[in-house]
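> Structure in structure tokens, see below.
The values are calculated or read from the model by the stated rules, or taken from the named source; none is laboratory data. If you're wondering where the values come from, they're calculated on a predicted model, not measured in any experiment. Cβ: placed from backbone, ideal geometry, glycine included. Neighbour counts: every protein chain shown.
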Amino acid sequence: MVVVGGGECGARAALAMRAAGWTGPVTLVGEEAMAPYERPPLSKAALIGDAPSPATICDETALRDAGISFLAGVPVTHVDRDAHEIGLADGRRLGYERLLLATGAAPRRLPLPGADGVRYLRTHADALALRERLRPGARVGVVGGGFIGLELAASAVARGCTVTVVEVAPRLMGRVVPVEVAAVLADRHTRAGVDVRCGVGLAGLEPTGLDLDTGETVPCDVVVAGIGAVPETALAEKAGLAVDDGLRVDARLATSDPDVFAAGDCCSFPHPLYDDRRIRLESWRNAQDQGTAAARSMLGADEPFAAVPWMWSDQYELTLQIAGLPDAAVTEVVRRRPDGVEIRFGLGEDGRLLAASAVGEGNAVARDVRVAELLVGRRATPAPAALADPAVPLKSLLRGAGCTA
Ligand SMILES: Cc1cc2nc3c(=O)[nH]c(=O)nc-3n(C[C@H](O)[C@H](O)[C@H](O)COP(=O)(O)OP(=O)(O)OC[C@H]3O[C@@H](n4cnc5c(N)ncnc54)[C@H](O)[C@@H]3O)c2cc1C
């Protein structure tokens, strides 16, 4: 069993093989020269806190103790599917019976002249380099008002920087978040002093600032872009595997080659809860869940991957949580809790609950979104009136009360 990519997904997959009882050899190969670590803190604690050491998922001792051979700091350069071998940049070749590609994604680069000095955030090294530049008083231009850009903006504010966020879409976090939820976060950023510019594009980049398409120049000491991520599919493409917004896998996370699997940010997969719509998720929980599921499939399990998508984002004292796919919904029901928190439920044409999202302080939304996630996973069709009524405990809908089906 060979796993390429020592990130969240690859590390979890290697460990899951042992948990599933596999006693044969497991090798984990990663191009980063360090033990697998968590990425979510990179835009949060690693920028704000005092101790920017990586949050390790499992250190080399834990991997060794699990009998996992870990090759760090060595990129895999090719996959020879006929020979069932991978080639490493140092010239070594490794045979495999089953191979998992968990190569993640890379930040999308700004396609503009003058973008050389722009910072991106994906690795621990990126976070350290950025942290150095987020000095009190620094003028920070954030290109992109999505999750990474907004978390970065909040962290830069915490470090005493002056922040401008430039987002070309008419609102923040456009793709995945209901408009009202995005508005809560936009308001919080504005109250923190961030200059949030939506519906504004970049005309160019200067060493000293951002040229906006309005003709204005925003002076910046640091420019950082969070404009999405591109799945790492180069190895797969070279090996002739099918790629379709990420490595194309089936319900068991197998690629077009039955001995090669893919999971995490790098793959697109059919989701049974959403009519087998093909999706690609960039989320921590998905990387974990798919790593575990892929490991089981590689060992012969025949279980479709059906975990409910879930993600979170921390900005200031607020946490946003999303379960399911809000953009799959056709109607929305809002539960307005007495504490002011709104839980927004997305329903399909058939009344099925497809998504829930909410933002609140600390853990305020965790329990409700968790229950919603269970309801989504059970294909529940709760009565909209019950969903909306804060006097009806959401948990009661799990027992069928308030469900029309
Ligand atoms: C700054 C930041 C903040 C985030 N915050 C959140 C959050 O708050 N909530 C949330 O849900 N998600 C968050 N995420 C997303 C989450 O971290 C990712 O979805 C998750 O890390 C994906 O795991 P992965 O293993 O698929 O990919 P990665 O973690 O990217 O790991 C892939 C690994 O493969 C290696 N690799 C690639 N190609 C090769 C090769 N040819 N040979 C060898 N190794 C290779 C890469 O170097 C990398 O180490 C955040 C991501 C970032 C970058």
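> Scan the range 98-118 for residues that are more than 10 Å from the ligand (Cβ to nearest atom) and either assigned to a loop (DSSP other than H, G, I, E, B) or buried (at least 19 other Cβ atoms within 10 Å of the Cβ) (or both) and report the count.
Within the range 98-118, residues that are more than 10 Å from the ligand (Cβ to nearest atom) and either assigned to a loop (DSSP other than H, G, I, E, B) or buried (at least 19 other Cβ atoms within 10 Å of the Cβ) (or both) number 11.
> Identify, from the list VAL200, VAL177, the residue that is crowded, with 16+ Cβ neighbours inside 10 Å, in contact with a Ser or Thr (Cβ under 7 Å, 6 or more places away or on another chain) and farther than 15 Å from LEU320 by Cα.
Step by step, each of VAL200, VAL177 is checked, and only VAL200 is crowded, with 16+ Cβ neighbours inside 10 Å, in contact with a Ser or Thr (Cβ under 7 Å, 6 or more places away or on another chain) and farther than 15 Å from LEU320 by Cα.
> Can THR233 be described as closer than 30 Å to GLU97 by Cβ and hydroxyl-bearing (Ser, Thr, Tyr)?
Judged against the criteria, THR233 is a match.
> Read through the list (1) surrounded by 14 or more Cβ atoms within 10 Å (Cβ to Cβ); (2) under 16 Å from TYR37 (Cβ atoms), then give the number of the only condition that SER53 fails.
(1)
> Might you let me know whether the range 87-97 holds any residue that is within 11 Å of the ligand (Cβ to nearest atom) and part of a loop (DSSP other than H, G, I, E, B)?
Yes, because at least one residue in the range 87-97 is within 11 Å of the ligand (Cβ to nearest atom) and part of a loop (DSSP other than H, G, I, E, B).
Residues checked against (1) within 28 Å of ALA46 (Cβ to Cβ); (2) surrounded by 22 or more Cβ atoms within 10 Å (Cβ to Cβ):
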| residue | (1), (2) |
| --- | --- |
| LEU320 | yes, yes |
| THR331 | no, no |
| PHE345 | no, yes |
| ALA355 | no, yes |
| PRO393 | no, no |
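> Looking at the structure I just gave you, is GLY324 buried (at least 23 other Cβ atoms within 10 Å of the Cβ), assigned by TED's automatic domain parsing to the domain that holds ALA263 and under 30 Å from LEU47 (Cβ atoms)? Before the answer, list the steps.
Values: buried (at least 23 other Cβ atoms within 10 Å of the Cβ): yes; assigned by TED's automatic domain parsing to the domain that holds ALA263: no; under 30 Å from LEU47 (Cβ atoms): yes.
Here the answer is no, as GLY324 does not meet what is asked.
> Which condition breaks for GLU60 when tested against (1) within 11 Å of the ligand (Cβ to nearest atom); (2) within 25 Å of the chain's Cα centre (by Cα); (3) over 20 Å from CYS266 (Cα atoms)?
Among (1) within 11 Å of the ligand (Cβ to nearest atom); (2) within 25 Å of the chain's Cα centre (by Cα); (3) over 20 Å from CYS266 (Cα atoms), GLU60 violates only (1).
This table checks each residue for (1) over 30 Å from TYR316 (Cα atoms); (2) outside the structural domain of ALA293 (by TED's automatic domain parsing); (3) in a loop (DSSP other than H, G, I, E, B).
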position	(1), (2), (3)
CYS9	no, no, no
ALA13	yes, no, no
ARG18	yes, no, no
GLY21	yes, no, yes
ALA35	no, no, yes
LEU42	no, no, no
LEU47	no, no, no
